[in-house]
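Written below as C-alpha coordinates is the structure these notes are about.
The values are calculated or read from the model by the stated rules, or taken from the named source; none is laboratory data. Worth saying up front: this structure is predicted, and the values here are computed from it rather than measured. Note that each Cβ is placed from the backbone with ideal geometry, even for glycine, and that neighbours are counted across all protein chains shown. Protein only, heavy atoms only, side chains kept; ligands, DNA and RNA dropped before computing areas. Shrake-Rupley method; radii C 1.70, N 1.55, O 1.52, S 1.80 Å.
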Amino acid sequence: MQIISGKDTANSIKAEIAAEVEQLRSDRGRAPHLAAILVGNDPASETYVANKEKSCAEVGFLSSVYRLPENVTEDDLIKTIDFINHDDEIDGLIVQLPLPKHINVDKVVGTINPLKDVDGFHPVNIGKMVLGQDSYIPATPMGILLLLERAKIETLGKHCVVVGRSNIVGTPASILLSRNTNNANCTVTLCHSKTKNLKEICRQADILIVAIGQCEMITEDYIKEGAVVVDVGIHRVKDETKKSGFSLKGDVKHDDKVLKKVSAITPVPGGVGPMTIIGLLINTLKSFKKEFYQ
Ligand code: NDP
(Lines give C-alpha, C1' and ligand atoms only; values in the text may rest on other atoms or scores of the structure.)
Protein backbone atom coordinates (compact mmCIF):
# COMPACT_ATOMS: atom_id res chain seq x y z
CA MET A 1 0.00 0.00 0.00
CA GLN A 2 1.30 3.39 -1.05
CA ILE A 3 0.86 6.54 1.02
CA ILE A 4 0.85 9.36 -1.53
CA SER A 5 2.63 12.15 0.27
CA GLY A 6 1.50 15.57 -0.88
CA LYS A 7 4.04 17.09 1.46
CA ASP A 8 7.02 15.39 -0.18
CA THR A 9 5.69 15.98 -3.68
CA ALA A 10 5.02 19.64 -2.89
CA ASN A 11 8.56 20.04 -1.53
CA SER A 12 10.14 18.64 -4.67
CA ILE A 13 7.95 20.80 -6.93
CA LYS A 14 8.81 23.85 -4.80
CA ALA A 15 12.51 23.14 -5.34
CA GLU A 16 11.90 22.98 -9.11
CA ILE A 17 9.95 26.26 -9.04
CA ALA A 18 12.63 27.94 -6.90
CA ALA A 19 15.34 26.97 -9.41
CA GLU A 20 13.28 28.37 -12.29
CA VAL A 21 12.54 31.59 -10.40
CA GLU A 22 16.23 32.09 -9.65
CA GLN A 23 16.92 31.99 -13.39
CA LEU A 24 13.94 34.12 -14.41
CA ARG A 25 14.64 36.77 -11.78
CA SER A 26 18.03 37.56 -13.29
CA ASP A 27 16.57 37.64 -16.81
CA ARG A 28 13.51 39.73 -15.91
CA GLY A 29 14.80 41.94 -13.12
CA ARG A 30 12.12 40.98 -10.63
CA ALA A 31 10.50 37.96 -9.01
CA PRO A 32 6.90 36.71 -9.53
CA HIS A 33 4.52 38.50 -7.18
CA LEU A 34 1.32 37.09 -5.64
CA ALA A 35 -1.16 39.38 -3.89
CA ALA A 36 -3.89 38.17 -1.53
CA ILE A 37 -6.88 40.14 -0.29
CA LEU A 38 -7.99 39.08 3.17
CA VAL A 39 -11.30 40.42 4.46
CA GLY A 40 -11.96 40.23 8.23
CA ASN A 41 -10.19 38.04 10.78
CA ASP A 42 -11.43 34.49 10.17
CA PRO A 43 -8.72 32.33 11.84
CA ALA A 44 -8.80 29.61 9.14
CA SER A 45 -8.44 32.24 6.39
CA GLU A 46 -5.58 33.90 8.32
CA THR A 47 -3.81 30.52 8.44
CA TYR A 48 -4.37 29.82 4.74
CA VAL A 49 -3.03 33.24 3.74
CA ALA A 50 -0.02 32.90 6.10
CA ASN A 51 0.78 29.50 4.51
CA LYS A 52 0.57 31.02 1.04
CA GLU A 53 2.98 33.82 2.07
CA LYS A 54 5.37 31.25 3.53
CA SER A 55 5.29 29.14 0.36
CA CYS A 56 5.89 32.23 -1.80
CA ALA A 57 8.99 33.07 0.27
CA GLU A 58 10.23 29.47 -0.05
CA VAL A 59 10.24 29.62 -3.86
CA GLY A 60 11.52 33.19 -4.12
CA PHE A 61 8.22 34.88 -4.99
CA LEU A 62 7.21 38.25 -3.59
CA SER A 63 3.88 38.32 -1.79
CA SER A 64 1.60 41.05 -0.44
CA VAL A 65 -1.49 40.82 1.73
CA TYR A 66 -4.15 43.52 1.47
CA ARG A 67 -6.14 43.39 4.72
CA LEU A 68 -9.65 44.85 4.68
CA PRO A 69 -12.07 45.07 7.63
CA GLU A 70 -15.00 42.64 8.02
CA ASN A 71 -17.45 45.50 7.30
CA VAL A 72 -15.71 46.66 4.08
CA THR A 73 -18.20 47.64 1.39
CA GLU A 74 -18.41 45.67 -1.85
CA ASP A 75 -17.38 48.85 -3.72
CA ASP A 76 -14.24 49.33 -1.64
CA LEU A 77 -13.29 45.69 -2.08
CA ILE A 78 -13.74 46.00 -5.84
CA LYS A 79 -11.63 49.22 -5.84
CA THR A 80 -8.80 47.28 -4.19
CA ILE A 81 -9.10 44.54 -6.80
CA ASP A 82 -9.06 47.14 -9.56
CA PHE A 83 -5.94 48.74 -8.10
CA ILE A 84 -4.15 45.38 -8.12
CA ASN A 85 -5.49 44.55 -11.60
CA HIS A 86 -3.62 47.63 -12.85
CA ASP A 87 -0.37 47.06 -10.97
CA ASP A 88 2.08 45.71 -13.58
CA GLU A 89 4.35 44.31 -10.89
CA ILE A 90 1.70 41.98 -9.45
CA ASP A 91 1.23 38.76 -11.42
CA GLY A 92 -1.40 36.91 -9.43
CA LEU A 93 -4.34 37.99 -7.27
CA ILE A 94 -6.45 35.88 -4.95
CA VAL A 95 -9.38 36.97 -2.84
CA GLN A 96 -9.41 34.64 0.17
CA LEU A 97 -12.82 32.97 0.56
CA PRO A 98 -15.22 32.87 2.31
CA LEU A 99 -16.21 36.55 2.19
CA PRO A 100 -18.65 38.17 4.65
CA LYS A 101 -22.34 37.57 3.86
CA HIS A 102 -23.04 41.15 2.67
CA ILE A 103 -20.62 40.70 -0.24
CA ASN A 104 -21.60 39.07 -3.54
CA VAL A 105 -18.77 36.61 -4.18
CA ASP A 106 -19.60 36.04 -7.86
CA LYS A 107 -19.61 39.78 -8.54
CA VAL A 108 -16.30 40.25 -6.74
CA VAL A 109 -14.57 37.31 -8.46
CA GLY A 110 -15.89 38.60 -11.79
CA THR A 111 -13.93 41.85 -11.35
CA ILE A 112 -10.53 40.10 -11.06
CA ASN A 113 -8.52 40.43 -14.28
CA PRO A 114 -8.73 36.87 -15.72
CA LEU A 115 -5.02 37.11 -16.59
CA LYS A 116 -4.24 37.51 -12.87
CA ASP A 117 -6.91 35.11 -11.60
CA VAL A 118 -4.46 32.48 -10.30
CA ASP A 119 -7.19 30.75 -8.26
CA GLY A 120 -8.86 30.00 -11.61
CA PHE A 121 -12.32 30.98 -10.31
CA HIS A 122 -13.17 33.68 -12.90
CA PRO A 123 -15.87 32.58 -15.39
CA VAL A 124 -13.44 33.15 -18.28
CA ASN A 125 -10.95 30.69 -16.78
CA ILE A 126 -13.65 28.17 -15.85
CA GLY A 127 -15.10 28.41 -19.38
CA LYS A 128 -11.69 27.92 -21.00
CA MET A 129 -10.97 24.97 -18.72
CA VAL A 130 -14.27 23.31 -19.73
CA LEU A 131 -13.42 23.85 -23.40
CA GLY A 132 -9.95 22.39 -22.88
CA GLN A 133 -8.29 25.72 -23.74
CA ASP A 134 -5.25 27.08 -21.95
CA SER A 135 -6.33 28.72 -18.68
CA TYR A 136 -5.58 28.89 -15.00
CA ILE A 137 -6.72 25.59 -13.49
CA PRO A 138 -8.23 25.88 -9.98
CA ALA A 139 -5.51 25.08 -7.46
CA THR A 140 -6.96 22.07 -5.60
CA PRO A 141 -7.95 20.00 -8.69
CA MET A 142 -4.61 20.89 -10.29
CA GLY A 143 -2.88 19.68 -7.13
CA ILE A 144 -4.85 16.41 -7.22
CA LEU A 145 -3.91 15.69 -10.85
CA LEU A 146 -0.26 16.54 -10.24
CA LEU A 147 -0.19 14.34 -7.17
CA LEU A 148 -1.59 11.35 -9.09
CA GLU A 149 0.85 11.97 -11.92
CA ARG A 150 3.92 12.26 -9.68
CA ALA A 151 2.83 9.14 -7.74
CA LYS A 152 2.68 7.34 -11.12
CA ILE A 153 -0.97 6.37 -10.70
CA GLU A 154 -2.34 5.14 -14.03
CA THR A 155 -5.47 7.11 -14.95
CA LEU A 156 -6.03 6.13 -18.60
CA GLY A 157 -9.33 4.27 -18.95
CA LYS A 158 -9.85 4.02 -15.18
CA HIS A 159 -13.21 4.58 -13.56
CA CYS A 160 -12.86 7.65 -11.36
CA VAL A 161 -15.65 8.49 -8.93
CA VAL A 162 -15.58 12.07 -7.62
CA VAL A 163 -17.77 12.66 -4.57
CA GLY A 164 -18.69 16.35 -4.15
CA ARG A 165 -19.57 18.83 -6.91
CA SER A 166 -18.34 22.18 -5.56
CA ASN A 167 -17.11 24.74 -8.09
CA ILE A 168 -13.66 24.81 -6.51
CA VAL A 169 -12.97 21.08 -6.11
CA GLY A 170 -15.36 18.35 -7.29
CA THR A 171 -16.74 19.80 -10.51
CA PRO A 172 -13.39 20.98 -11.97
CA ALA A 173 -11.70 17.73 -10.82
CA SER A 174 -14.36 15.71 -12.69
CA ILE A 175 -13.89 17.79 -15.86
CA LEU A 176 -10.09 17.63 -15.77
CA LEU A 177 -9.99 13.88 -15.13
CA SER A 178 -12.30 13.18 -18.06
CA ARG A 179 -10.23 15.22 -20.55
CA ASN A 180 -8.13 13.67 -23.29
CA THR A 181 -4.80 14.55 -21.70
CA ASN A 182 -1.83 12.46 -20.59
CA ASN A 183 -2.62 12.63 -16.88
CA ALA A 184 -6.40 12.03 -17.25
CA ASN A 185 -8.55 10.09 -19.73
CA CYS A 186 -10.65 8.60 -16.94
CA THR A 187 -14.28 7.57 -17.18
CA VAL A 188 -15.77 9.85 -14.54
CA THR A 189 -18.84 9.60 -12.33
CA LEU A 190 -19.67 12.72 -10.31
CA CYS A 191 -21.66 12.19 -7.10
CA HIS A 192 -23.27 14.58 -4.61
CA SER A 193 -25.67 14.69 -1.70
CA LYS A 194 -28.65 13.63 -3.84
CA THR A 195 -26.87 10.61 -5.36
CA LYS A 196 -28.70 7.35 -4.76
CA ASN A 197 -26.65 4.24 -3.91
CA LEU A 198 -23.52 6.28 -3.17
CA LYS A 199 -21.81 3.32 -1.54
CA GLU A 200 -22.36 1.05 -4.55
CA ILE A 201 -21.09 3.69 -6.98
CA CYS A 202 -18.00 4.41 -4.85
CA ARG A 203 -17.28 0.69 -4.69
CA GLN A 204 -16.93 0.70 -8.51
CA ALA A 205 -14.17 3.29 -8.41
CA ASP A 206 -10.60 2.52 -9.44
CA ILE A 207 -9.84 6.04 -8.29
CA LEU A 208 -12.06 7.57 -5.59
CA ILE A 209 -11.80 11.31 -4.98
CA VAL A 210 -13.67 12.55 -1.93
CA ALA A 211 -14.44 16.26 -1.38
CA ILE A 212 -17.64 16.39 0.67
CA GLY A 213 -16.79 18.25 3.87
CA GLN A 214 -18.15 15.36 6.00
CA CYS A 215 -15.64 14.21 8.59
CA GLU A 216 -14.61 10.54 8.12
CA MET A 217 -17.87 9.65 6.32
CA ILE A 218 -16.18 7.39 3.75
CA THR A 219 -15.39 4.08 5.38
CA GLU A 220 -14.04 0.75 4.13
CA ASP A 221 -17.44 -0.32 2.76
CA TYR A 222 -17.35 2.52 0.18
CA ILE A 223 -14.02 1.33 -1.22
CA LYS A 224 -13.17 -1.30 -3.84
CA GLU A 225 -10.25 -3.64 -3.10
CA GLY A 226 -7.10 -2.08 -4.60
CA ALA A 227 -8.62 1.37 -5.23
CA VAL A 228 -6.64 4.61 -5.15
CA VAL A 229 -8.22 7.09 -2.71
CA VAL A 230 -7.71 10.84 -2.72
CA ASP A 231 -9.03 12.48 0.45
CA VAL A 232 -9.55 16.22 -0.03
CA GLY A 233 -11.41 16.86 3.25
CA ILE A 234 -9.88 18.77 6.13
CA HIS A 235 -11.53 18.90 9.56
CA ARG A 236 -10.19 20.15 12.87
CA VAL A 237 -11.25 17.71 15.56
CA LYS A 238 -10.79 18.35 19.28
CA ASP A 239 -7.96 16.15 20.54
CA GLU A 240 -6.66 16.58 24.06
CA THR A 241 -3.70 14.28 23.40
CA LYS A 242 -2.30 16.88 21.02
CA LYS A 243 -0.35 19.94 22.17
CA SER A 244 -2.43 22.10 19.80
CA GLY A 245 -5.67 20.69 21.27
CA PHE A 246 -6.88 19.39 17.91
CA SER A 247 -6.01 16.93 15.18
CA LEU A 248 -6.78 17.03 11.47
CA LYS A 249 -9.09 14.46 9.90
CA GLY A 250 -10.29 13.90 6.35
CA ASP A 251 -13.55 12.97 4.67
CA VAL A 252 -12.25 9.37 4.65
CA LYS A 253 -11.75 7.29 7.78
CA HIS A 254 -8.07 6.29 7.66
CA ASP A 255 -8.38 3.21 9.86
CA ASP A 256 -6.74 -0.20 9.43
CA LYS A 257 -9.66 -1.58 7.42
CA VAL A 258 -9.34 1.20 4.83
CA LEU A 259 -5.54 1.07 4.74
CA LYS A 260 -5.62 -2.68 4.13
CA LYS A 261 -8.05 -2.34 1.24
CA VAL A 262 -6.60 0.54 -0.82
CA SER A 263 -3.60 0.29 -3.12
CA ALA A 264 -2.76 3.95 -2.49
CA ILE A 265 -4.19 6.80 -0.42
CA THR A 266 -3.43 10.46 0.29
CA PRO A 267 -3.02 11.19 4.02
CA VAL A 268 -4.64 14.00 6.03
CA PRO A 269 -2.77 16.16 6.83
CA GLY A 270 0.05 16.16 4.29
CA GLY A 271 -1.94 14.99 1.25
CA VAL A 272 -3.94 17.29 -1.00
CA GLY A 273 -3.48 20.35 1.28
CA PRO A 274 0.17 21.12 0.42
CA MET A 275 -0.55 20.44 -3.28
CA THR A 276 -3.24 23.14 -3.38
CA ILE A 277 -0.61 25.78 -2.67
CA ILE A 278 1.53 24.30 -5.45
CA GLY A 279 -1.35 24.91 -7.88
CA LEU A 280 -1.36 28.55 -6.87
CA LEU A 281 2.41 28.90 -7.26
CA ILE A 282 2.33 27.26 -10.70
CA ASN A 283 -0.42 29.61 -11.88
CA THR A 284 1.44 32.66 -10.56
CA LEU A 285 4.62 31.57 -12.32
CA LYS A 286 2.61 31.05 -15.51
CA SER A 287 1.26 34.59 -15.26
CA PHE A 288 4.74 36.00 -14.62
CA LYS A 289 6.10 34.24 -17.69
CA LYS A 290 3.12 35.57 -19.70
CA GLU A 291 3.31 32.28 -21.51
CA PHE A 292 -0.29 31.76 -22.38
CA TYR A 293 -3.58 32.92 -23.71
CA GLN A 294 -4.68 36.44 -24.57
P1 NDP B 1 -18.59 22.16 -0.39
O2 NDP B 1 -19.25 22.16 0.94
O3 NDP B 1 -18.58 23.39 -1.23
O4 NDP B 1 -19.20 20.98 -1.28
C5 NDP B 1 -19.43 19.73 -0.73
C6 NDP B 1 -19.97 18.82 -1.80
O7 NDP B 1 -20.15 17.53 -1.21
C8 NDP B 1 -21.32 19.24 -2.35
O9 NDP B 1 -21.35 19.01 -3.73
C10 NDP B 1 -22.31 18.33 -1.62
O11 NDP B 1 -23.44 17.97 -2.40
C12 NDP B 1 -21.47 17.09 -1.41
N13 NDP B 1 -21.91 16.35 -0.22
C14 NDP B 1 -22.07 16.81 1.03
N15 NDP B 1 -22.50 15.84 1.85
C16 NDP B 1 -22.60 14.72 1.09
C17 NDP B 1 -22.99 13.41 1.34
N18 NDP B 1 -23.39 13.01 2.57
N19 NDP B 1 -22.98 12.51 0.33
C20 NDP B 1 -22.59 12.88 -0.90
N21 NDP B 1 -22.20 14.14 -1.21
C22 NDP B 1 -22.21 15.03 -0.22
O23 NDP B 1 -17.11 21.65 -0.11
P24 NDP B 1 -15.70 21.91 -0.84
O25 NDP B 1 -15.67 21.22 -2.15
O26 NDP B 1 -15.32 23.33 -0.77
O27 NDP B 1 -14.72 21.13 0.17
C28 NDP B 1 -14.87 19.76 0.44
C29 NDP B 1 -13.89 19.36 1.52
O30 NDP B 1 -12.57 19.59 1.06
C31 NDP B 1 -14.01 20.17 2.81
O32 NDP B 1 -13.66 19.32 3.91
C33 NDP B 1 -12.95 21.24 2.67
O34 NDP B 1 -12.46 21.71 3.91
C35 NDP B 1 -11.89 20.48 1.93
N36 NDP B 1 -11.01 21.31 1.09
C37 NDP B 1 -9.68 21.03 1.17
C38 NDP B 1 -8.79 21.69 0.36
C39 NDP B 1 -7.38 21.32 0.44
O40 NDP B 1 -6.53 22.07 0.00
N41 NDP B 1 -7.05 20.14 0.96
C42 NDP B 1 -9.22 22.77 -0.54
C43 NDP B 1 -10.66 22.93 -0.60
C44 NDP B 1 -11.51 22.23 0.21
P45 NDP B 1 -24.56 19.05 -2.87
O46 NDP B 1 -23.93 19.79 -4.01
O47 NDP B 1 -25.70 18.22 -3.27
O48 NDP B 1 -24.81 19.93 -1.68
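Apply the Karplus parameterisation 6.51 cos²θ - 1.76 cosθ + 1.60, with θ equal to phi minus 60°, to every residue of segment 83-92 and state each ³J(HN,Hα) to the nearest whole Hz, in sequence, with x for glycine and proline.
4, 6, 3, 9, 8, 5, 9, 10, 8, x
Order the following by accessible area, largest value first: 126, 37. Probe radius 1.4 Å; ligands, DNA and RNA are ignored. Before the final figure, lay out each step's value.
On the way: 126 50, 37 0 Å².
Per-residue accessible area, sorted high to low, gives 126, 37.
When the accessible area of the chain is computed with all protein chains present and a 1.4 Å probe, what percentage of it is carbon and sulfur?
Values: 7300 of 14190 Å².
Reported share for carbon and sulfur atoms: 51 percent.
Over the Cα atoms of segment 98-213, Rg to Rh with Kirkwood Rh, two decimal places?
Values: Rg = 15.1 Å, Rh = 15.1 Å.
Rounded to two decimals, Rg/Rh equals 1.00.
Counting only other residues whose beta carbon sits under 13 Å from that of residue 101, what net charge do I get with K and R as +1, D and E as -1? Spell out each step's value before the answer.
Working: positive: none; negative: 42, 70, 74.
Once all neighbours under 13 Å are counted, the net charge is -3.
Per-residue accessible area for residue 154 at 1.4 Å probe radius, Å² rounded to 10?
Solvent-accessible area, nearest 10 Å²: 110 Å².
State, as an integer percentage, the relative contact order of segment 208-253 based on alpha-carbon contacts under 8 Å between residues 6 or more apart.
On the way: 82 pairs, mean separation 22.4, N = 46.
The value is 49 percent.
Which ³J(HN,Hα) values in Hz, rounded to whole numbers, follow from the phi angles of segment 177-183 under the Karplus curve 6.51 cos²θ - 1.76 cosθ + 1.60, where θ = phi - 60° and Gly and Pro get x?
Along segment 177-183, the couplings run 6, 8, 6, 8, 10, 4, 9 Hz.
In whole angstrom, note down how far apart the Cα centers of segment 36-78 and segment 241-260 are.
Between the Cα centres of segment 36-78 and segment 241-260 lies a distance of 29 Å.
Given a cut-off of under 8 Å on Cα pairs at least six residues apart, what relative contact order in percent is computed for segment 95-145?
Values: 37 pairs, mean separation 13.1, N = 51.
Dividing the mean separation by the residue count of segment 95-145 yields 26 percent.
Quick one: accessible surface of residue 89, probe radius 1.4 Å, all protein chains present, in square angstrom to the nearest 10.
For residue 89, solvent-accessible area is about 110 Å².
If amide H atoms are built 1.01 Å from N in the plane of the peptide, which residues on other chains or at least 5 residues away come under 5 Å of the amide H of residue 2?
Under 5 Å from the amide H of residue 2 lie the amide H atoms of 264, 265, each far enough along the sequence or on another chain.
List the cysteines in the chain whose Cβ has no other cysteine Cβ under 4.7 Å from it.
If one checks each Cβ against the other cysteines of the chain, 56, 191, 202, 215 turn up with nothing under 4.7 Å.
Just report the Cα centroid separation between segment 111-135 and segment 208-225, whole Å.
30 Å
Once both axes come from the Cα atoms, what is the angle between helix 43-59 and the longest principal axis of the chain, in degrees from 0 to 90, rounded to 10?
80 degrees
For segment 5-78, what is the relative contact order in percent, using Cα pairs closer than 8 Å and at least 6 residues apart in sequence? Don't jump to the answer; show the numbers that get you there.
Numbers: 70 pairs, mean separation 26.8, N = 74.
Computed over segment 5-78, the figure is 36 percent.
What residues have an amide H closer than 5 Å to that of residue 246, excluding those fewer than 5 places away on the same chain, when H is modeled at 1.01 Å from N in the peptide plane?
Residues meeting the amide H criterion: 239.
Which length gain, in nm to one decimal place, applies between residue 194 and residue 167 when the Cα-Cα distance is subtracted from 0.36 nm times their residue separation?
Details: separation 27, 0.36 × 27 = 9.72 nm, distance 1.66 nm.
Length difference between fully extended and current span is 8.1 nm.
Per residue, how much accessible surface does the chain expose to a 1.4 Å probe? Answer in Å², no decimals. All intermediate terms of the calculation are to be shown ahead of the outcome.
Values: 14190 Å² over 294 residues.
Using a 1.4 Å probe on heavy atoms only, each residue of the chain averages 48 Å².
Could you order 24, 156, 248, 177 by accessible surface area, starting with the largest, using a probe radius of 1.4 Å? Each step should come with its number before you reach the end.
Numbers: 24 30, 156 115, 248 60, 177 0 Å².
Greatest to least solvent exposure: 156, 248, 24, 177.
Just to confirm the number: angle between the C-alpha axis of helix 6-28 and the first principal axis of the chain, 0 to 90 degrees, nearest 10?
Here the helix axis deviates by roughly 20 degrees.
Taking the 0 to 90 degree range and rounding to the nearest ten, how far is the long axis of helix 139-150 tilted relative to the main principal axis of the chain, both from C-alpha atoms?
Tilt relative to the chain: about 60 degrees.
Considering amide H positions built from the backbone, and no H for Pro or chain starts, which residues 5 or more places from residue 67, or on another chain, come under 5 Å of its amide H?
38
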